[in-house]
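The values are calculated or read from the model by the stated rules, or taken from the named source; none is laboratory data. Bear in mind that the values here come from a model prediction, so they are computed numbers and not experimental data. Quick reminder, even Gly has a Cβ in these numbers, built from the backbone with ideal geometry, and neighbours come from all protein chains shown. Ligands, DNA and RNA are stripped out before the accessible areas are found, and what is left, the full protein with its side chains, is counted by its heavy atoms. Shrake-Rupley method; radii C 1.70, N 1.55, O 1.52, S 1.80 Å.
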Amino acid sequence: MLSHYSLAPATRIASSEFRRFAILAGDKGHPMSVQASTLDLDPSLVTANAWRSRTIAVILMIAIAGIFWVDSRYPALFKRYHDGTQVKAAGALTFGAVYQVDRTMPLSTRAWRTTLNWLDANRVGMTFSFLFGPAALTFLATLRRRRTNSIYLNTLFGAAVGMPLAVCTNCVAPIARGLYASGMSTESVLAAMFASPALNVVVLAMTFALFPVSIAVLKLATVLFLVFVFAPVVASRRSKSAPSIICPIEVPDSGTWSHALASTIRSFLKSFWYVFRVAFPLMILAAVLGALVIELLPAQALIAQVTIGGILLVALVGAFLPVPMAFDVAVAYIAMIKGVPLPYVVTILSTLGIVSVFSLSVVGKTISWKLAAATYATVAALGTLAGLLTRALF
């Protein structure tokens, strides 16, 4: 059905009146779900001359990802893996800290310094995501198909895309906005967002190296549930009432390589603005909110008797905080060796880093606030359940 599975980029619409409506509907940065026109041109005519632009877009993605993965991300991840039991976290929300934070400081000072530390720690990952997300959108806009008819195959594809990305739940958010705008399915986008921070092979290796197998398996089970149960189920319910969106950029027709290069650059810049204008302000807001929440928590909040309410509170806070890649594993391990009750440790491990206030706000702005709320509630519920199981079994 064309409204669910558009074969042609939706920008090639024969009806100019419908096109004007689509543009006006999204002119304030709120992507609107609108019905695809039945007057779309033949997909083969739309993409016949786009192969040069597609090639340039692929080269652009490889260059951006290659520089990030080789120069920054994987060396940093392997370093944390090799740190093993010596892993440290100097900041409240970060591994390092440019500005020292002391509990004797006023709350406003602590929150401000923690915000700056967070922005500094995420500058490389966020730069990558703000470049790679638009590059992916530019490439996908040249393809006729961005999804299959199988919701589970779409989910598997999304997980396969997310696992090697090696970006945290915050940095994957701008990329997810680009993927969804291109026409990828909701389940693919959610699966990629969950898989990137939690199913990366180095992060999984850290988890199994630092924790007992039973705890590591419990954490893995919560992630697999989110990817292969929650994502397809919530997407299938939403797809019944949510028609296809309009891709924000056009497929560049390229008669020559020079024309293809110019067209691809223009498309990339349009894609960049589409991602940046929504995600960047939300990033700043998330940094401030995350810093405020973590600094409001009492220093000895986790050194207390385990209660159901305590587990629930840890889960709610863990699913809210915007932390970097593998920070959940490090912090949970540090908490465990410092004597924090195991149910709290497992709850932290099962909620921290899988979603955050930033990634959820981008999901809400891009796809649906109802979906964002359901995602937050599900992650918190899974973390609470993991904590309660640990309390009962250990």
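Would you be able to say whether some residue in the stretch 292-307 is crowded, with 24+ Cβ neighbours inside 10 Å, within 24 Å of the chain's Cα centre (by Cα) and either in a loop (DSSP other than H, G, I, E, B) or modelled with pLDDT of 95 or more (or both)? Among the residues of the stretch 292-307, not one is crowded, with 24+ Cβ neighbours inside 10 Å, within 24 Å of the chain's Cα centre (by Cα) and either in a loop (DSSP other than H, G, I, E, B) or modelled with pLDDT of 95 or more (or both), which makes the answer no.
Within the stretch 352-394, if we keep just the residues that are assigned to a loop (DSSP other than H, G, I, E, B) and not β-branched (V, I, T), the residue that is surrounded by the fewest Cβ atoms within 10 Å (Cβ to Cβ) turns out to be F394.
Close contacts from the stretch 300-315, counting a first residue that is touching a residue at least 40 places away in the same chain (Cβ under 8 Å) and a second that is aliphatic (A, V, I, L, M) and assigned to a helix (DSSP H, G or I), with Cβ to Cβ under 6 Å and a gap of 6+ residues or different chains, come to A315/A380. Here R147, R103 are screened, and the one residue that is in contact (Cβ under 8 Å) with a residue 40 or more places away in the chain, part of a loop (DSSP other than H, G, I, E, B), open to solvent by 50 Å² or more (accessible area, probe 1.4 Å) and in contact with a helix residue (DSSP H, G or I) (Cβ under 9 Å, 6 or more places away or on another chain) is R103. Scanning the stretch 267-290 for residues that are surrounded by fewer than 15 Cβ atoms within 10 Å (Cβ to Cβ) and within 17 Å of A141 (Cα to Cα) returns L269, W273. Taking residues in the stretch 216-227 that are among the aliphatic types (A, V, I, L, M), and partners anywhere that are in a helix (DSSP H, G or I) and open to solvent by 50 Å² or more (accessible area, probe 1.4 Å), the pairs with Cβ atoms closer than 6 Å and at least 6 places apart or on different chains are A216/F208. Screening L316 with (1) open to solvent by 60 Å² or more (accessible area, probe 1.4 Å); (2) touching a Pro at 6+ places or on another chain (Cβ under 6 Å) gives one miss only, at (2). Could you please let me know if T138 is open to solvent by less than 10 Å² (accessible area, probe 1.4 Å), assigned to a loop (DSSP other than H, G, I, E, B) and in contact (Cβ under 8 Å) with a residue 12 or more places away in the chain? No; evaluated as a whole, the condition is false for this residue. Only residues that are open to solvent by 80 Å² or more (accessible area, probe 1.4 Å) and either closer than 23 Å to T169 by Cβ or assigned to a loop (DSSP other than H, G, I, E, B) (or both) were counted across the stretch 54-100, and they come to 10.
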